[in-house]
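Below: the structure, in structure tokens.
Quick note: the coordinates plus some simple rules give every number you see, no bench work behind them. Just so you know, these numbers come straight off a predicted model, no measurement behind them. Note that we place each Cβ from the backbone using ideal geometry, even for glycine, and neighbour counts take in every protein chain shown.
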Amino acid sequence: MIALLIFNVFLIALASGIATRILPPSLYTGLLEALHITVGITTPPREKLWIFAVVWIVSIVVLTDGLVLVFFFLLRQLK
């Protein structure tokens, strides 16, 4: 449970740093472009790339927390 809390705090801090533009775009631009190419979707323009980075991070947090919640729910139901 502590690992999930650390994961959430780290990703929320990362998203906050990107959204407030404290982190330079060179840190996440290449990774985000590679992710878009891998998934097969169009890479957004560089001036809007920070918005897409925040959306990806938030969606990863929501999916991870949701899967952990479902896992614990199923464990409780199977007892």
*Calculate the radius of gyration of the Cα atoms of the chain to one decimal place, then report Dmax, the largest Cα-Cα distance, as a whole number, both in Å.*
15.4, 51
*asked:* In the chain, if the dipole is taken from +1 on Lys/Arg beta carbons and -1 on Asp/Glu beta carbons about the Cα centre, which of Leu4, His36, Leu23 is farthest to the positive end?
replied: Leu4
*asked:* Place a point 7 Å from Cα of Phe72 in the direction of its Cβ. Which residues in segment 1-28 have their backbone N less than 14 Å from it?
replied: 1-8
*Can you tell me the dipole magnitude for the chain around its Cα centre, using point charges on the Cβ only (Lys, Arg +1; Asp, Glu -1), in Debye to the nearest 20?*
160
*Highest-fluctuation residue, Leu49, Leu35, Leu11 considered, GNM on the chain with Cα pairs under 10 Å*: Leu35
_Exposure proxy order (Cβ contacts within 10 Å, fewest to most) of Val68, Val9_ = Val9, Val68
